[in-house]
Amino acid sequence: MELANRVQTLTPSSTLAITAKAKELRQAGHDVIGLGAGEPDFNTPEHILEAASKAMYEGFTKYTPAGGTIELKQAIQKKMQQDQGLDYDLDQIIVTIGAKHALYTLFQVLLNKGDEVIVPAPYWVSYPEQIKLAEGKPVFVDAQEENEFKLTPEQLENAITEKTKAVIINSPSNPTGVMYEKEELEALGEVCLKHNILIVSDEIYEKLTYTATEHVSVAELSPTLKEQTVIINGVSKSHSMTGWRIGYAVGNKQLIKAMSNLASHSTSNPTSIAQVAAEAAYSGSQKPVADMREAFSERLEKLYEWLVAIPGIECVKPKGAFYLFPNVKKAVEMNGFDTVDEWVTALLEEEKVALVPGSGFGAPNNVRLSYAISLEQLEEAANRIKRFVENHQ
Ligand SMILES: Cc1ncc(COP(=O)(O)O)c(C=O)c1O
């Protein structure tokens, strides 16, 4: 079968190989601890389930407007006012099938062949693929570990060409968990305004932050920056609703209209009852979000301490999301392996701990660990990693 050119270079997710191997070992009866999860391990809060169930039994099971129900858009509008102090008209909001679909649709309507999007590395694995699917070109800029993996204004300035259309800012970040401070965003925003570059601000981990550094959206910093920014967000991570598939984008009217038109011919509306669930998530009690954040915060503190106590493992301390992204280069060398990928495979085979190699995120010296599993399992995983590193010294 001759497939289209656009999918010829599409690479499978970097987590796939290790997940498949972990599954194989589990099926063979081994006690594998998976640290690859990209979703909270909590149940969707009760009041959200009830709202969806009620909607379903009341017959809210038909098409809705392609860009989302008015009610959910109003709930998002209110959330943006309350949390970010930002006012958006309803026609500046589109509800999508998860944040991933918001990003996909955005790149489809934004990019022409050869248009460049600046992607700070380490990056979330889907950005480059989505940009390429829209015939754009991802331009990677290595955000330095010494600078907590944050893009600097100088790096941004140097990466800009006349083809640059947008830059992605993901704070808190997957995979590093780091967050930009207000002043850093101001400086980056200034460069974007100077060169008229759209800021794609992926704020999906907004609610999962664990330090005094508050989440700030670049769009909050000035009216001109608001104009220059598309915010991507959703309920997947904040309300433990990954399977419901509700995300959104807010920004320029023309852009949102084009995205809605595209959705109307490709996916139609996001699932009707999932939209009611998301509405309940935003308008109901936020206590479950706070409880989840507290549990993640405790896990982060403990896992971070356990990890950095292991010889050869160094880690920028995350401030948000639910990942650690340690540099294991020294451990890999000390243990006699050539690459991080080989080290990760041996760790899985010998100690039955599954990590995700950083190569897929554009950072080959690192690994990603998710702490979306219980504290007990995290402690056991840390003990096993320690034993592995010591056994190979
Ligand atoms: C940085 C980032 N953006 C977007 C998404 C997509 O979220 P959703 O599940 O709502 O599509 C993810 C999910 O892992 C993510 O890590």
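The values are calculated or read from the model by the stated rules, or taken from the named source; none is laboratory data. Note that the coordinates shown come from a computational prediction; the quantities given were computed from them, not determined experimentally. Virtual Cβ from ideal backbone geometry, glycine too; neighbours counted across all protein chains shown. For the accessible areas, the whole protein counts, side chains as well, though only heavy atoms, and no ligand, DNA or RNA atoms are used. Shrake-Rupley method; radii C 1.70, N 1.55, O 1.52, S 1.80 Å.
Points to keep in mind about this one:
- In the chain, Rg over Rh equals 0.97, where Rg is the alpha-carbon radius of gyration and Rh the Kirkwood radius from pairwise Cα distances.
- Shape of region 309-393, Cα gyration tensor, a/c cut at 1.5: oblate
- Label-point separation, Glu298 to Asn383 (7 Å along Cα→Cβ), nm: 1.9 nm
- Residues of region 247-262 falling in the label zone of Phe60, defined by backbone nitrogen less than 18 Å from a point 7 Å along Cα to beta-carbon, are 247-248.
- Exposure rule at most 15 other beta-carbon atoms within 10 Å, DSSP loop trypsin sites (Lys or Arg not before Pro): the chain longest free segment: 164-393
- For region 1-87, the set of chymotrypsin sites (Phe, Trp or Tyr not before Pro) satisfying both a DSSP loop assignment and a count of at most 12 other C-beta atoms within 10 Å is given as Tyr63.
- Among beta bridges identified by DSSP and lying wholly in region 62-283, the antiparallel ones come to about 30 percent.
- Inter-site label distance for Arg6 and Leu193 at 7 Å from Cα along Cβ, in nm: 3.5 nm
- What the chain shows is 44 Å² of accessible area per residue, with the surface traced by a 1.4 Å probe over protein heavy atoms.
- In Å², nearest 10: area of Ser266 left accessible to a 1.4 Å probe: 80 Å²
- Among beta bridges identified by DSSP and lying wholly in the chain, the antiparallel ones come to about 45 percent.
- The calculated FRET efficiency for Leu16 paired with Ala346, based on their beta-carbon distance and R0 = 25 Å, is about 0.85.
- FRET efficiency, 1/(1 + (r/R0)^6) with R0 41 Å, evaluated for Glu46 and Glu146 via beta carbons: 0.40
- FRET efficiency for Met334 and Lys23, using Cβ-Cβ distance with R0 set to 51 Å, rounded to 0.05: 0.95
- Those residues of region 39-59 whose amide nitrogen sits under 20 Å from the label point placed on Lys78, 7 Å along Cα→Cβ: 45-56
- Fraction of accessible area attributable to carbon and sulfur, the chain (%, probe 1.4 Å): 49 percent
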